[in-house]
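Everything below concerns the one structure shown next.
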Amino acid sequence: MSVQVTRPTHLIDLAVGHPEPDLLPVDLLRPLTLETQNLTYGEQAGAASFRQQLAGWLTEDYGQQISREELLVTNGSSNALDMICSQLTSTSQAKQTVLVEDPSYFIALKLFKARGFEVVALPMDNEGIELSALEQAIKEHSPAFIYSIPSFHNPTGLTQSHQRRQALVKLAKDHNCPLIADEVYQSLYFTDKPPAPLACYDRSAPVISIGSFSKILAPGLRLGWIQGNGELFNQLRSSALLQSGGGLAPMTSALVGNLIAKGDFQSNLTLLRETYSARAEVLYQGLKSTFGDRIQVNKPEGGYFLWVTFTDGLDVSAAREQARKEGVNYLPGNLCSANGEFSNSMRLCFAWYSEAELKTACEKLSTALALA
Ligand SMILES: Cc1ncc(COP(=O)(O)O)c(C=O)c1O
């Protein structure tokens, strides 16, 4: 069983996409108190008071009007994806397809497969999923849904342009194909905000955006939200899961709502943006000076990850054992690909370690991959 708590002592593990424990908001949460209503079965969509607070912050952060009626509280993005899979699984015998970006978030790929979907991976360019390939695949597979990570993509760090988002949403609408946008890094921008989440583009399109407090506050809260309108959103809101158990996370959402109301959440997020921005810069510069022309890497503008491609053809998957022996670990690109592609690329997380440790990681990578 993998442990999601402690950092290993024998290596710097840049494969793991977690926040550093020192950045978790224990001191902010400790003084908060609860009321009786926070311990009852909650409203199915989540407490109205929390959704109101969340809608207020999202409206400010996205620069788009968001109403609480468009929000459904979840136990985080993974839970939201699982709920959506459950909703979109048909009872027919035929294998259903999910269209994903290649590469994509590797655990989402596992989740879709575990839920019985066939995963079809489509090429990306610098602006996101390639639309001609997507349209062809929609016609060929009549997919159950499309899964996309529009902002500070996991693993590539790329952000879809406004034009690409418009076209993507239009394509989903024209083909009446659900489009699920995993927006967990949307608010983790370092300077410029990314374009709005996909669900803001056309309220009449079958688009759902998923958000989470895991990366912008703390993963242990297990708190997130679904933003949407229309049939799928209504089905999720009236699911038997919520009818039986009531709204998700009534207690945790009350605590987080309190932090939003006081402004503590927002100031903590500003601190996280500054911290991650500085760490991303250190890792980016360290890699550039270590590997020079051997690599292609984009400077991160938000999120958690750097995607490094060895243009000299180094098979980073094969070299991982050597790297581990040197005391550093990374996620080989092929593990992020439903097609097993990208063996010359690696995903590196800059959130879990300090700037000093990231510098040491670069030195260890240099030794491990020098002659590989
Ligand atoms: C794209 C993406 N989606 C979802 C998750 C998991 O989110 P949560 O903790 O809200 O379940 C992650 C975490 O790494 C992620 O990168």
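The values are calculated or read from the model by the stated rules, or taken from the named source; none is laboratory data. Owing to the predicted nature of the structure, the values given are computational and were not obtained by experimental measurement. Backbone-built Cβ (ideal geometry, glycine too); neighbour counts: all protein chains shown.
Numbers at a glance
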quantity: All strands (runs of 3 or more DSSP E) inside the stretch 50-161 with 1 or more residues being of a type in the set (Phe, Trp, Tyr); calculated: 145-148
quantity: Every residue from the stretch 192-205 that is within 16 Å of the ligand (Cβ to nearest atom) and closer than 20 Å to residue 81 by Cα; calculated: 197, 198, 199
quantity: Among residues of the stretch 340-372, those that are on the phi > 0 side of the Ramachandran plot and surrounded by 15 or more Cβ atoms within 10 Å (Cβ to Cβ), counted; calculated: 1
quantity: Close pairs from the stretch 242-253: first assigned by TED's automatic domain parsing to the domain that holds residue 223, partner of a type outside the set (Gly, Ala, Ser) and assigned to a strand (DSSP E or B), Cβ under 8 Å, at least 6 apart; calculated: 247/73; 248/73; 248/74; 249/73; 249/74; 253/73
quantity: Test: residue in the stretch 192-202 that is buried (at least 24 other Cβ atoms within 10 Å of the Cβ) and small (Gly, Ala, Ser); calculated: yes
quantity: Exclusive hit being of a type outside the set (Phe, Trp, Tyr), assigned to a helix (DSSP H, G or I) and within 20 Å of residue 103 (Cβ to Cβ), set 318, 338; calculated: 318
quantity: Close pairs from the stretch 276-290: first under 21 Å from residue 189 (Cα atoms) and among the polar types (S, T, N, Q), partner in a helix (DSSP H, G or I) and at pLDDT 95 or above, Cβ under 9 Å, at least 6 apart; calculated: 285/362
quantity: All positions within the stretch 163-191 that are away from the ligand (no atom under 11 Å from the Cβ) and of a type in the set (A, V, I, L, M); calculated: 167, 168, 169, 171, 172, 179
quantity: Tabulated pairs, the stretch 73-86, first without any contact (Cβ under 8 Å) to a residue 60 or more places away in the chain and in the same structural domain as residue 245 (by TED's automatic domain parsing), second assigned to a strand (DSSP E or B) and near the ligand (Cβ under 9 Å from one of its atoms), C-beta under 9 angstrom, 6+ apart or interchain; calculated: 78/212; 78/224
quantity: Residues (within 8 Å of the ligand (Cβ to nearest atom), among the polar types (S, T, N, Q) and out of contact with any strand residue (DSSP E or B) (no Cβ under 6 Å at 6 or more places or on another chain)) located in the stretch 210-236; calculated: 214
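So that you can scan it fast, the table gives a plain yes or no per residue for (1) touching a Phe, Trp or Tyr at 6+ places or on another chain (Cβ under 7 Å); (2) within 15 Å of the ligand (Cβ to nearest atom); (3) more than 30 Å from residue 190 (Cβ to Cβ); (4) of a type in the set (Asp, Glu):
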| position | (1), (2), (3), (4) |
| --- | --- |
| 80 | no, yes, no, no |
| 111 | no, yes, no, no |
| 137 | no, no, yes, no |
| 140 | no, no, yes, yes |
| 150 | no, yes, no, no |
